[in-house]
Every structure is written in structure tokens, then in C-alpha cells.
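Comments concern the structure below.
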Amino acid sequence: MAMQQVCILGSTGSIGRSTLDVLARHPGRLRVRTLSAHSRMEALAQQAHQHQAAIVIVPDDAARQRFLDAWPAGATLPRIHVGAQALCEAVSDPVVTTVMAAIVGAAGLPSVLAAARAGKRILLANKEALVAAGSLLMQAVRESGAELLPIDSEHNAIFQCLPPAGQVGAPSRPARGVRRLLLTASGGPFLKTPLAQLDDITPDQACAHPNWRMGRKISVDSATMVNKGLEVMEAHWLFAMPQDRIQVVIHPQSVVHSMVEYEDGSILAQMGQPDMRTPIAHGLGFPERIESGVGLMTLTQMGRLDFEAPDLDRFPCLALAFCALRSGQHACIAFNAANEVAVARFLAGRLRYTRIAGVISACLDHVQTCTTHALHTLEDILALDDAIRRFAASRCHPDA
Ligand SMILES: NC(=O)c1ccc[n+]([C@@H]2O[C@H](COP(=O)([O-])OP(=O)(O)OC[C@H]3O[C@@H](n4cnc5c(N)ncnc54)[C@H](OP(=O)(O)O)[C@@H]3O)[C@@H](O)[C@H]2O)c1
């Protein structure tokens with residue numbers, strides 16, 4: 001197989017670091033071309049030096065200086081590109097074959113779209129891009145012949161359980177014979193916490209996921225089940241599946257990563273350790289299987305697998321997500337933007353945990369007044385996203 005030249009956007013994050021771990025196991029087939037980071041310049045310098053990146057991308061001149069300060073004396077510097085536009089240029093680099101899209105939040109959207117338009121193999125971890133711009137992104141994938149491989153563990157599991165003809169590219173209808181997609185959810189750290197205690201949840205408690213080690217934003221999203229809501233939207237676009245044929249199932253052990261139910265009654269599941277290196281290795285090696293560094297799973301020690309329906313009183317954000325998906329793209333953009341604002345406030349200690357759902361709900365009501373806003377281009381989407389963020393900020397009262 002020809003050498004893949006990989007551009008990792010968001011290399012200092014949880015997914016970015018796991019990607020570098022897998023890459024380092026396969027020097028004969030995978031090489032780092034480009035790395036990007038937003039705030040952790042020392043970590044970026046260390047990664048770029050260790051993996052001999054040709055290009056790094058930093059957000060501004062101050063970050064560039066911090067990168068230079070952290071660079072080992074005497075070592076050959078990579079090219080340093082500055083600014084958000086450089087992310088879009090990096091994915092269009094003719095040398096790059098594969099883009100790992102691992103920036104968190106809607107900030108990742110322009111570069112994912114640019115990678116789709118450039119016809120690259122995209123390993124999609126950033127779910128917010130599909131949530132905000134599913135139609136535009138899937139159209140770009142179809143037109144350019146880009147290859148979109150899901151890295152989110154649930155979607156990667158579904159991808160693995162689908163018939164081959166339903167897997168690759170950007171399908172315009174569900175794979176034949178598939179009745180439903182079953183998305184599993186661990187239920188996060190508060191699955192059994194008395195509802196009365198949720199008001200006092202701290203950011204560190206919300207980020208202490210029982211099974212997965214992830215970045216702080218997605219950890220909070222997992223606790224509220226916003227993450228599962230975003231994943232329902234992601235599955236809708238990735239697999240051309242109507243929302244009433246996507247079901248969420250609580251599975252606290254996080255061993256079954258998701259399932260596909262077929263017309264004949266068969267259910268195919270993908271299982272494995274809760275370690276993102278498995279779906280990352282699947283995407284990097286596809287269609288071959290390559291070593292990921294993930295240990296074996298001992299089924300006999302696991303004992304049991306539990307499944308239950310989600311309690312929507314405990315997880316109101318999940319109900320809001322289905323509501324948004326039924327309402328259409330304006331509402332999905334509002335759901336995501338409101339959540340990003342509310343979670344950032346919560347992580348900064350300026351919003352109560354239980355207010356996150358309230359902020360999202362207020363923005364879903366508000367977006368009804370914006371439905372004449374056209375959504376034909378990336379600029380249209382970013383303008384609505386920005387308007388909702390401003391409205392959400394006005395709803396984030398610290399004492400509410
Ligand atoms: N972690 C998981 O297990 C997991 C699983 C499935 C899907 N995902 C999805 O994968 C994406 C990344 O998640 P993560 O957990 O790896 O997040 P993370 O640990 O917070 O890392 C985010 C990365 O994005 C960079 N970044 C942050 N804000 C940015 C901005 N405005 N512009 C450009 N870059 C920015 C960060 O740079 P600095 O670190 O330098 O600030 C970091 O490299 C998310 O969309 C998440 O939903 C994650």
C-alpha cells in the first residue's frame with residue numbers, strides 16, 4: 001500500500017494524541033505531514049519534533065512565538081502556518097492523502113468542508129461539522145469523490161456492521177435490508193445520581209467519565225447526553241437514515257459500540273475495549289486491519305452486558321436533540337451552538353450543570369424566528385451559528 005501522508009487537525013487533543021500513537025506503530029505506511037493546535041504550543045512542538053512534521057498550524061502570532069520558544073535548539077524547524085484559513089489550506093495540500101478531523105466544536109467545520117472539496121480521505125472525529133452542515137458536507141463528498149470514514153466509536157461500529165455497499169462514500173439512501181441503527185450510550189457519570197443532586201455537579205465531576213478518557217467538552221456532552229443527540233444527527237447524515245429509524249440504547253459497560261438491525265431480525269454488533277485507537281486504526285488502515293495498540297478484551301471476565309432505555313427526565317438534552325432533528329437544519333445548528341456556549345460557561349464555573357438544557361431549549365425556541373435565514377453556503381451556516389451563540393450567551397445567567 002502507498003504511504004499515507006496524514007494531516008492531523010487538533011493533534012494536541014485526546015483524539016489527536018491517540019492518532020499519533022497509532023501512526024507511530026506503522027512507520028512503513030503512515031507518515032505525519034501536518035499537525036495543528038490551538039492553545040497547547042509546547043505539546044505541539046514536542047509532537048512535531050518527535051513525528052518530524054513538515055508543517056504545523058498555530059492560531060496567531062503569539063502562539064507562533066510560544067511554539068518557537070518551545071522548539072528544541074538546533075533542530076530543523078517545520079514550516080509554521082498561522083490562522084484559521086491555514087487549516088483549510090493544509091487539508092488541500094496535494095501531498096496530504098488523509099485528514100484526521102479532530103478539532104473540537106464548530107471551529108472544525110470549515111476545514112472538514114475544505115477536505116471534502118479537495119477529495120481527501122477524511123477520518124471524521126469532529127461530529128459538530130455534520131450536525132451543522134450535514135447536507136453541504138455530504139454533497140461535497142459526493143461531488144469530489146472524497147472518502148468519509150467515521151471515527152466516532154458508535155458510527156465506526158455501525159460502519160463496520162453495514163454491508164460493504166452501504167459503507168463507503170456519501171449514501172443518498174439507507175443501505176438495503178437495514179431496519180434500524182441502534183446507537184449505544186454509556187449513560188455517563190450521572191446515570192444513577194439522584195436527580196436532586198444534579199444542580200450541584202462540578203466540571204470535574206462531569207468530566208470524570210466512567211469508561212472513556214476524552215476532552216472536557218465531549219465529556220460534559222456525554223454526561224448530559226448531548227453527545228448522543230449529536231451522534232443521532234451524525235448518523236442521520238452519514239448513513240442517510242431517517243431519525244425515526246435511529247434508536248438510542250443505554251449500555252453502561254461501553255463494550256458494544258453500536259449495532260445495525262436488519263429486516264430479517266438479525267442484529268450485528270461491533271464490540272471492543274473503550275479505546276479510541278480501535279476506530280482510529282480502522283480508519284487509518286481501511287480496508288485493511290492494522291495494529292492499534294489496544295489490548296485484548298476478555299469476554300469471560302466481563303460477565304454481563306446490560307441494555308436499557310434512556311430516561312428522558314434525567315437526559316432532557318436527548319429529547320431536545322430528536323426534536324431539533326425533526327425540525328431541520330436551523331434547529332440542529334441552534335442545538336449545537338447553544339450547547340457549545342453553555343458547556344464553555346459551565347466548564348468556566350459560570351453556569352449550573354442543569355441550566356445547559358435550559359439554554360439549548362431557549363435557543364431552539366428562538367431559532368424558529370430565524371427560519372427565513374438561507375442555509376445554502378458555509379457563510380450562511382456560520383452566520384446563523386454566530387447569531388445563536390450571541391443569543392445563547394444572553395441566556396447564560398450565572399444564577400439561573
Ligand atoms: N475524545 C474522544 O474520545 C472522542 C470520541 C468521539 C468523537 N470525538 C470528537 O472528536 C473531536 C475532538 O475531541 P477531543 O476529545 O479530542 O477534544 P480535545 O481533547 O478538547 O481536543 C481538541 C483539539 O482541537 C483543538 N482546538 C480547540 N479549539 C480550537 C479552535 N477554535 N480552532 C482550532 N483548533 C482548536 C485543540 O487544541 P489545543 O489542545 O492546543 O487547545 C485540540 O487539539 C470532537 O468533535 C469530539 O466530539 C472525540
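Could you tell me how many of the residues in region 144-160 are away from the ligand (no atom under 12 Å from the Cβ) and of a type in the set (Val, Ile, Thr)?
1
Yes/no per residue for (1) among the polar types (S, T, N, Q); (2) within 14 Å of PHE159 (Cβ to Cβ); (3) in contact with an Asp or Glu (Cβ under 9 Å, 6 or more places away or on another chain):
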site	(1), (2), (3)
PRO252	no, no, yes
HIS257	no, yes, yes
ILE267	no, no, yes
MET271	no, no, no
ARG277	no, no, yes
ILE280	no, yes, yes
GLU288	no, no, no
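Any chance you could count how many residues in region 188-205 are surrounded by fewer than 24 Cβ atoms within 10 Å (Cβ to Cβ) and either within 16 Å of the ligand (Cβ to nearest atom) or within 30 Å of ILE267 (Cα to Cα) (or both)?
6
With (1) over 22 Å from ALA393 (Cα atoms); (2) polar (S, T, N, Q); (3) modelled with pLDDT of 95 or more as the list, and SER361 as the residue in question, which single condition is left unmet?
(1)
Looking only at residues that are in contact with a Cys (Cβ under 8 Å, 6 or more places away or on another chain) and buried (at least 24 other Cβ atoms within 10 Å of the Cβ) in region 99-112, which one is nearest to SER327 (Cα to Cα)?
Among those residues, the one meeting the criterion is SER111.
Report whether or not ALA129 is under 22 Å from MET214 (Cα atoms) and more than 9 Å from the ligand (Cβ to nearest atom).
In short, no.
Which pairs have Cβ atoms under 8 Å, sit 6 or more apart or on different chains, and link a residue in region 33-45 that is under 19 Å from GLN85 (Cα atoms) and of a type in the set (Val, Ile, Thr) to one that is part of a loop (DSSP other than H, G, I, E, B) and more than 7 Å from the ligand (Cβ to nearest atom)?
Hits for this filter: THR34/ALA53; THR34/ALA54; THR34/ASP93; THR34/VAL96.
Would you confirm whether or not region 154-170 contains a residue that is surrounded by fewer than 19 Cβ atoms within 10 Å (Cβ to Cβ), in contact (Cβ under 8 Å) with a residue 24 or more places away in the chain and over 21 Å from PRO274 (Cβ atoms)?
Scanning region 154-170, I find at least one residue that is surrounded by fewer than 19 Cβ atoms within 10 Å (Cβ to Cβ), in contact (Cβ under 8 Å) with a residue 24 or more places away in the chain and over 21 Å from PRO274 (Cβ atoms), so the answer is yes.
Within region 206-232, restricting attention to residues that are hydrophobic (A, V, I, L, M, F, W, C) and open to solvent by 10 Å² or more (accessible area, probe 1.4 Å), which residue is farthest from the ligand (Cβ to nearest atom)?
The extreme case among them is ALA208.
Take the residues in region 266-292 that are outside any loop (DSSP other than H, G, I, E, B) and open to solvent by 30 Å² or more (accessible area, probe 1.4 Å), then tell me which one is nearest to PRO252 (Cα to Cα).
MET271
With the structure loaded, tell me whether ASP93 is surrounded by fewer than 17 Cβ atoms within 10 Å (Cβ to Cβ) and over 22 Å from the mean Cα position of the chain (by Cα) or whether it fails that test.
no
What residue, of LEU148, LEU123, is modelled with pLDDT of 95 or more, open to solvent by less than 10 Å² (accessible area, probe 1.4 Å) and over 24 Å from GLY177 (Cα atoms)?
Just a single option satisfies the conditions, and that option is LEU123.
Can you tell me which residues in region 241-265 are surrounded by fewer than 18 Cβ atoms within 10 Å (Cβ to Cβ), touching a helix residue (DSSP H, G or I) at 6+ places or on another chain (Cβ under 8 Å) and closer than 21 Å to ALA321 by Cβ?
Once the filter is applied, which keeps residues that are surrounded by fewer than 18 Cβ atoms within 10 Å (Cβ to Cβ), touching a helix residue (DSSP H, G or I) at 6+ places or on another chain (Cβ under 8 Å) and closer than 21 Å to ALA321 by Cβ, region 241-265 yields PRO242, GLN243.
Here is a list: ARG29, ARG79, ARG66. Which entry is over 21 Å from ARG216 (Cα atoms), within 11 Å of the ligand (Cβ to nearest atom) and modelled with pLDDT of 95 or more?
The unique qualifying residue is ARG66.
If only one of SER135, SER111, SER92 is in contact (Cβ under 8 Å) with a residue 40 or more places away in the chain, more than 21 Å from ARG17 (Cα to Cα) and among the polar types (S, T, N, Q), which one is it?
After applying the criteria, what remains is SER135.
So for region 374-389 (the condition being open to solvent by less than 20 Å² (accessible area, probe 1.4 Å), part of a helix (DSSP H, G or I) and either free of Cβ contacts under 8 Å to residues at least 40 places away in the same chain or among the small types (Gly, Ala, Ser) (or both)), does at least one residue qualify?
Scanning region 374-389, I find no residue that is open to solvent by less than 20 Å² (accessible area, probe 1.4 Å), part of a helix (DSSP H, G or I) and either free of Cβ contacts under 8 Å to residues at least 40 places away in the same chain or among the small types (Gly, Ala, Ser) (or both), so the answer is no.
Looking at this structure, is LEU35 open to solvent by less than 40 Å² (accessible area, probe 1.4 Å), more than 11 Å from the ligand (Cβ to nearest atom) and among the hydrophobic types (A, V, I, L, M, F, W, C)?
No; evaluated as a whole, the condition is false for this residue.
List the number of the failed condition for VAL6; all other conditions in (1) open to solvent by less than 10 Å² (accessible area, probe 1.4 Å); (2) within 14 Å of the ligand (Cβ to nearest atom) hold.
Here VAL6 clears every test but (2).
The values are calculated or read from the model by the stated rules, or taken from the named source; none is laboratory data. This is a predicted model, so every value here is computed, not measured. Glycine gets a Cβ as well: all are built from the backbone with ideal geometry, and neighbour counts include every protein chain shown. Just the protein is used for accessible areas: all its heavy atoms, side chains included, with ligands, DNA and RNA removed. Shrake-Rupley method; radii C 1.70, N 1.55, O 1.52, S 1.80 Å.
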